[in-house]
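Below: the structure, in structure tokens.
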Amino acid sequence: MDIFEHFRDVVTAAIANLVSRGTLPQGIDTARVAVEPPRDPGHGDVTTNAAMVLAKPAGAKPRELAEAMCVELNAQEDIVIAEVAGPGFINLTVDPSVWPKVVAAVLNDGDDYGRSTAGQGVSINVEYVSANPTGPLHVGHCRGAVFGDALANLLAFSGYDVVREYYFNDAGSQVDVLAKSAFLRYREALGEDVGEIPSGLYPGDYLIPVGQVLADSYGSSLLEMSEDEWLPLVRRESVDLMMAAIRADLKSLNIEHDVFFSESALHGPGGPVETALADLQARGLVYEGRLPPPKGQLPEDWEDREQTLFKATEFGDDVDRTVIKSDGAYTYFAADVAYFKSKYDRKFQEMVYVLGADHGGYVKRLQAVAEAISGGQAKAVVRLCQLVKLFRGGEPVRMSKRAGDFVTLRELINEVGPDVIRFIMLFRKNDAPLDFDFEKVTEQTRENPVFYVQYAHARICSVFRNAAEMGLIPDSEHVTLTNCDLNLLQDGGEIAIIKRIAEFSRVIHGAAAAHEPHRVAFYMYELASALHAQWNRGKELPQLRFIDEKETDVTAARLALCRAVRYVLANGLGILGVVPLKEMR
């Protein structure tokens, strides 16, 4: 039972009654009517802005309209009292019989509680990570990886048809640098002393295994080839090996993509880049021209020459964008155009790009491409992830020796584990900076949110194990609790837990609509806090403990409540990609 949807229906029915009486006009728009939990628990159980948003179109005063609505609402059996507050808000105190229905609904839905069809099967492509295959993933990629994966989970849970995609650049000059760096390690694997890695090549030790694989596969045969011969072979092998390592690192973080899209697939004679630009040209959206110099310091690739430009400004961008440079070479942006067209041709209705904060300039240009190619039928949504700074006990963490100039994702996972990384990365809004302190995120205290939430789930599992050992239930995992008397849940702390449970569906809906999985993480912490608070009350007041051997009916109802909390915690943690632990060690 989603009580907020239920009471929205009740409020809507009250509005319909007022329309039938002539108090409100026919056809009045109720889209902005909200029914939500009050910010102050002292203001009832549910609040609505109905009178506030309907007063102006009805030509009425908000408080007078609210009074009329309260007359209608007070006649409803699920409402104890409806009261006007402030300038015209309506606060509802619901009948106590509502709360057991919430617990029953959770027990009935189980693993599907909170799942919805709100997305109506809309096809969404979520592209995230998309790091170049020139080195291992590092902490700079981590936040976008976790955010993108949790967002994909959230959208799928909310009824969208989601495809997770990774776009890797295997066509640029940096891939040639990778191949040349790997070839140096290949020579080293054959016994040659290569000395210090030359400037311009990748110096990290992560390419030593790549060189060894090349030596095992080709022996010394590559040394007998010219660079034009060995370069494409080594480039392909190096990209494949680096992508395999990237996939393995992501899997260690519980991330698996559905599609790995190669940029090189966009190029070549008659390829998608040519096709996409030809389509834009046929529609008069590209032209030959010059761009004014950008304000401030000139970028290295800026040219005061005639180039082929896309009319991005016609679709809301700040400047037109170069697609073909004066030397005839395609720009990276030309590949972006073709890549969006590929997604559109694959029938996606929404394309989500998860990018680092330094890609803020991509927002308008990608939206312009989406508008131009799809004619407004599909949209590009860019979500930016701010930087993560690593600390240990308040001191900045030193860089990785293996990678050369950054901390690798693998090192992060090996030290604190994937659950800690994922929860902490999601316990702050994606566009806010994040400090990640190794000591703080592994503390077993309330101040460590991932511990606090996982401990709540583990504590419930412990309660069920104890109940089974005491013979109160036959099986701690599969016992049926749907037939117990949930009306026995009357303590204020128990009701507070149920009220928090009741918010889950609303939180999921809002988080999915806003693309903000951090809302789920915040909610998990609040629900865990309510459970721990009731546990602590039971220490002081034995009659409130979850297990009371003398009161088996009450115990059954409380176990049902615990099972409901466990479902919600597990479902929410599943969206975040965090394992709900059964015991803490």
What is the gain in length, in nm to one decimal, between A432 and D553 on full extension, counting 0.36 nm per residue of separation less the C-alpha to C-alpha distance? 38.8 nm
Relative contact order, percent, the chain [alpha-carbon distance under 8 Å, six or more residues apart]: 15
Enumerate the amide H contacts of L291 below 5 Å, restricted to partners 5 or more residues apart or on another chain; note that Pro and chain-start residues carry no placed amide H. R305
Based on the Cβ-Cβ distance of N466 and L541, what FRET efficiency does E = 1/(1 + (r/R0)^6) give at R0 = 25 Å, to the nearest 0.05? 0.85
So V259 and A496, fully extended at 0.36 nm per residue minus their Cα-Cα distance, gain in nm 81.0 nm
Compute the long axis of helix 332-345 from its Cα atoms, compare it with the longest principal axis of the Cα atoms of the chain, and write down the angle in degrees, 0 to 90, nearest 10. 50
If you fit an axis through the alpha-carbon atoms of helix 504-514 and take the longest principal axis of the Cα set of the chain, what angle between them do you get, 0 to 90°, nearest 10? 40
Sort I495, I124 so that the residue with the fewest other Cβ atoms within 10 Å of its own Cβ comes first and the one with the most comes last. I495, I124
Given an 8 Å cut-off on Cα distances and at least 6 residues of separation, report the relative contact order of segment 449-576 as a percent. 36
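In the calculated pair distance distribution of segment 3-95, what percentage of Cα-Cα distances lie above 21 Å?
20
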More than 47 angstrom separation, counting every C-alpha pair in the chain; what % is that? 29
Among DSSP beta bridges lying fully in the chain, give the percent that are antiparallel, nearest 5. 50
Ranking H457, H257 by Cβ neighbours within 10 Å, fewest first, what do you get? H257, H457
Restricting attention to segment 211-241, which GluC sites (Glu not before Pro) occupy a DSSP loop and are surrounded by at most 12 other Cβ atoms within 10 Å? none
Label points 7 Å out from Cα along the Cβ direction at E77 and L298: separation in nm? 7.9
Only bridges whose two residues both fall in segment 351-462 count here: according to DSSP, what percent of them are antiparallel, nearest 5? 15
³J(HN,Hα) across segment 567-580 via Karplus (A = 6.51, B = -1.76, C = 1.60, θ = phi - 60°), whole Hz, x for Gly/Pro? 4, 5, 4, 5, 5, x, 5, x, 4, 6, x, 10, 6, x
At 0.692 mPa s and 37 °C, Stokes D of segment 260-351 from Kirkwood alpha-carbon radius, µm² per second: 232
Order the peptides 499-508, 76-85 from the highest to the lowest mean number of other Cβ atoms within 10 Å of their residues. 499-508, 76-85
Quick one: S20, S326, S262, fewest Cβ neighbours within 10 Å first, how do they rank? S20, S326, S262
So if each residue of separation counts as 0.36 nm, and I subtract the Cα-Cα distance between K56 and S326, what length gain in nm does that give? 91.4 nm
At the level of C-alpha centres, the distance separating segment 108-165 and segment 203-228, in angstrom, is 37
Sequence-distant residues sharing a close amide H with Y166 (under 5 Å, placed H): V259, F260, F261
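Taken together, the values in this text are just the output of simple stated rules run on the coordinates, not laboratory data. Being a predicted model, the structure only gives us computed values, none of them experimental. We place every Cβ from the backbone using ideal geometry, glycine too, and count neighbours over all the protein chains shown.
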